[in-house]
Ligand code: SF4
């Protein structure tokens with residue numbers, strides 16, 4: 001499946017592994033925050049890269065020390081209106097200094113990518129492939145920015 | 001007043017084209033109703049009983065004559081020839097057609113107006129004192145800070161999807177005319193012991209279902225930190241405000257459940273981290289302040305003697321001056337209210353012709369500017385006393401001079417059952433009935449300062465809980481009933497009204513109000529105001545009479 005990263009289309013290499021599924025030996029995977037915190041060492045010993053999928057209610061502070069080992073942070077929208085993920089992205093970039101990929105996944109709208117880009121999200125995955133083109137276009141909806149933000 | 005630069009203009013035009021696209025996708029079935037709902041709400045568009053309702057922003061209640069004329073032409077071309085001023089100083093159209101809303105917004109954009117963030121769970125329009133810049137009790141004009149906040153809130157990327165709506169008010173005077181203590185964030189300009197002017201920041205105030213008075217989180221904040229402090233509060237709210245129950249999602253519940261001390265320490269911790277990166281420079285403040293510089297007042301205005309002559313010769317004019325004009329810091333000038341509370345018209349409504357008449361008066365007599373008030377009236381803020389007589393006559397010709405500002409018939413009233421799909425009961429009809437019962441101006445003037453606020457449901461858009469007399473529409477087995485509270489106030493001595501007793505039926509509501517007024521007249525000491533009497537005697541005497549026959 002294609003995703004947007006840094007405004008380019010590319011093929012997704014990451015798979016989310018739910019908590020009840022054993023870790024595969026190879027490949028780039030993301031896991032929940034709880035699993036990351038519990039199985040960090042095992043995750044880092046694998047051959048593929050490891051990342052974390054955050055949900056809106058996750059407390060991201062315990063992650064701060066691990067950020068250099070994390071290949072991608074997914075922000076998982078259960079519903080598009082849950083704005084906590086916007087603050088999480090902002091904090092990961094500005095407070096915690098995370099420089100890797102932050103990717104929006106789940107139930108959100110192409111109309112939100114302008115806002116998401118501005119708080120530090122640089123990759124976008126959509127279940128509906130039609131949304132990809134819409135999202136690329138929506139990134140340019142506004143040329144004016146009133147606030148100092150991540151970009 | 002603030003004039004858009006190229007950036008400001010570009011932004012609202014880009015917003016119009018974005019919304020045009022979203023509306024098109026919805027009409028084509030590419031965007032689901034829930035998704036479109038969230039997007040249209042952030043553009044001020046509700047779907048109501050009859051048609052969509054569009055709320056247009058009037059930043060901190062300031063309008064130019066040109067904008068007023070545009071509101072008039074939009075009312076004619078897209079609506080039924082009138083519009084409605086709300087309790088948050090904004091404008092509502094009740095009958096626009098969904099497919100034409102993008103064009104309507106395009107028209108508004110030509111006069112630097114928009115509907116951005118006038119509804120939905122986002123940062124709303126900042127409100128302020130309608131006498132800003134002209135009142136004598138001002139520490140500093142709040143409008144430059146409102147404008148700075150307006151820009152900061154507009155399309156703020158992090159806070160576009162908050163747990164719930166979020167409202168900020170700023171006041172610069174010692175007398176609070178902006179209900180600052182009932183906002184999610186309230187900002188007062190204050191002077192500290194060293195004589196510096198800064199802000200007192202309150203958080204967690206709000207009306208609606210659970211009215212709560214805001215609490216001070218920072219007694220004094222230097223001006224340069226305004227935006228970082230707001231950002232810290234919003235970040236804490238966005239992360240920790242409840243999202244599981246929309247009735248518990250406002251910041252007032254977060255502050256209450258967390259406790260003021262803990263909430264404040266969370267905010268301060270975040271603020272300390274970000275404050276040095278978000279400084280507001282003096283140059284920036286001065287640049288915005290320059291746009292609110294006082295107009296070119298005529299120093300000879302005070303030499304006029306015709307004003308006194310008119311007062312001596314015309315008792316109707318005397319009444320109007322007494323009730324509908326206010327003192328001005330420049331001698332020889334007064335502020336003149338445009339009453340949108342004529343007895344036979346819904347509170348806050350204004351027709352296209354009236355809008356144009358007010359625009360003309362503003363151009364001729366008040367530097368081309370108009371303000372809207374949170375009590376749903378307008379103000380011509382800078383009228384020379386020599387012109388007041390003419391202004392009065394012309395307002396009167398358009399039924400805009402009812403001398404009732406601050407009196408019992410200057411009611412705040414939401415659209416209620418007539419327009420709002422959430423309403424339990426009508427409000428406009430009740431307002432009309434109360435007006436008809438109180439048709440004796442001398443009586444109205446005798447009973448003086450009484451604020452009646454009436455909402456059609458618990459959402460409390462008309463702020464009934466802070467009305468001296470609050471009327472709330474409730475549904476009782478499918479019938480319209482009304483619950484009454486007494487003793488509320490949104491001014492300095494902020495208070496939430498106390499419930500009088502069981503609700504009363506639609507047939508009884510007007511008689512109940514006149515009975516309450518009656519009890520007041522009997523109980524008052526000399527020139528004691530209604531609110532003072534209620535405070536002194538309590539609810540008992542009112543209860544006794546109102547429920548005497550129950
Ligand atoms: S108070 Fe209720 S009835 Fe009145 S406008 Fe608000 S939501 Fe509608």
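The values are calculated or read from the model by the stated rules, or taken from the named source; none is laboratory data. Keep in mind that this is a model prediction, so the values were computed, not measured. A quick note on method: Cβ atoms are made from the backbone with ideal geometry, for glycine too, and the neighbour counts reach across all protein chains shown.
The residues listed here are B:383, B:379, B:391; of these, the one that is away from the ligand (no atom under 16 Å from the Cβ), out of contact with any helix residue (DSSP H, G or I) (no Cβ under 8 Å at 6 or more places or on another chain) and either in a helix (DSSP H, G or I) or within 27 Å of residue B:1 (Cβ to Cβ) (or both) is B:379.
Taking residues in region A:123-151 that are within 13 Å of chain B (Cβ to nearest Cβ), and partners anywhere that are modelled with pLDDT of 90 or more and assigned to a loop (DSSP other than H, G, I, E, B), the pairs with Cβ atoms closer than 6 Å and at least 6 places apart or on different chains are A:146/B:154; A:147/B:156; A:149/B:157; A:150/A:119; A:150/A:120.
Here's the yes/no breakdown for (1) out of contact with any helix residue (DSSP H, G or I) (no Cβ under 7 Å at 6 or more places or on another chain); (2) in the same structural domain as residue B:253 (by TED's automatic domain parsing); (3) under 17 Å from residue B:144 (Cβ atoms):
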| position | (1), (2), (3) |
| --- | --- |
| B:191 | yes, yes, yes |
| B:208 | yes, yes, no |
| B:220 | yes, yes, no |
| B:226 | no, yes, yes |
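Given the criteria in a helix (DSSP H, G or I) and within 12 Å of chain A (Cβ to nearest Cβ), does residue B:273 qualify? Yes.
Quick grid of which residues meet (1) more than 16 Å from the ligand (Cβ to nearest atom); (2) away from chain A (no Cβ under 14 Å); (3) closer than 16 Å to residue B:538 by Cβ; (4) at pLDDT 95 or above:
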position	(1), (2), (3), (4)
B:450	yes, yes, no, yes
B:471	no, yes, no, yes
B:483	no, yes, no, yes
B:492	yes, yes, no, no
B:500	yes, yes, yes, yes
B:509	no, yes, no, yes
B:515	yes, yes, no, yes
B:521	yes, yes, no, yes
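Quick check: anything in region B:414-428 over 20 Å from residue B:209 (Cα atoms), modelled with pLDDT under 95 and more than 16 Å from the ligand (Cβ to nearest atom)? Checked against the condition, which is being over 20 Å from residue B:209 (Cα atoms), modelled with pLDDT under 95 and more than 16 Å from the ligand (Cβ to nearest atom), region B:414-428 yields no hits at all. Within region A:48-60, none of the residues are assigned to a helix (DSSP H, G or I) and over 10 Å from the mean Cα position of the chain (by Cα). With the requirement that a residue be more than 19 Å from residue B:92 (Cβ to Cβ) and touching a residue at least 60 places away in the same chain (Cβ under 8 Å), what does region B:25-50 give you? Those that are more than 19 Å from residue B:92 (Cβ to Cβ) and touching a residue at least 60 places away in the same chain (Cβ under 8 Å): B:27, B:38.
Determine, yes or no, whether residue B:527 is surrounded by fewer than 22 Cβ atoms within 10 Å (Cβ to Cβ) and not in a helix (DSSP H, G or I).
On the way: surrounded by fewer than 22 Cβ atoms within 10 Å (Cβ to Cβ): yes; not in a helix (DSSP H, G or I): yes.
Here the answer is yes, as residue B:527 does meet what is asked.
Checked against the criterion of being in a loop (DSSP other than H, G, I, E, B), in contact with a strand residue (DSSP E or B) (Cβ under 8 Å, 6 or more places away or on another chain) and not assigned by TED's automatic domain parsing to the domain that holds residue B:55, the candidates B:458, B:454 yield just one match: B:458. Of the candidates B:489, B:505, the single residue that is surrounded by 14 or more Cβ atoms within 10 Å (Cβ to Cβ), within 21 Å of residue B:462 (Cβ to Cβ) and in contact with a strand residue (DSSP E or B) (Cβ under 9 Å, 6 or more places away or on another chain) is B:489. Among the residues of region B:485-516, those that are in a helix (DSSP H, G or I) and touching a helix residue (DSSP H, G or I) at 6+ places or on another chain (Cβ under 6 Å) comprise B:509, B:510, B:512, B:513, B:514, B:515, B:516. Here is a check on your reading of the model: is residue B:280 in a loop (DSSP other than H, G, I, E, B) and either within 24 Å of residue B:145 (Cα to Cα) or at pLDDT below 95 (or both)? Criteria met by residue B:280.
Counting only strands (runs of 3 or more DSSP E) that sit completely within region B:129-206, those holding 2 or more residues that are more than 18 Å from the chain's Cα centre (by Cα) and surrounded by fewer than 24 Cβ atoms within 10 Å (Cβ to Cβ) correspond to B:185-191, B:197-203.
Of everything in region B:252-270 that is touching a strand residue (DSSP E or B) at 6+ places or on another chain (Cβ under 8 Å) and either in contact (Cβ under 8 Å) with a residue 60 or more places away in the chain or within 14 Å of another protein chain (Cβ to nearest Cβ) (or both), the residue that is farthest from residue B:223 (Cα to Cα) is B:252.
For the condition in contact with a helix residue (DSSP H, G or I) (Cβ under 9 Å, 6 or more places away or on another chain) and either assigned to a helix (DSSP H, G or I) or within 16 Å of the ligand (Cβ to nearest atom) (or both), what is the one hit in B:360, B:344?
Numbers: B:344 fails: either assigned to a helix (DSSP H, G or I) or within 16 Å of the ligand (Cβ to nearest atom) (or both).
Just a single option satisfies the conditions, and that option is B:360.
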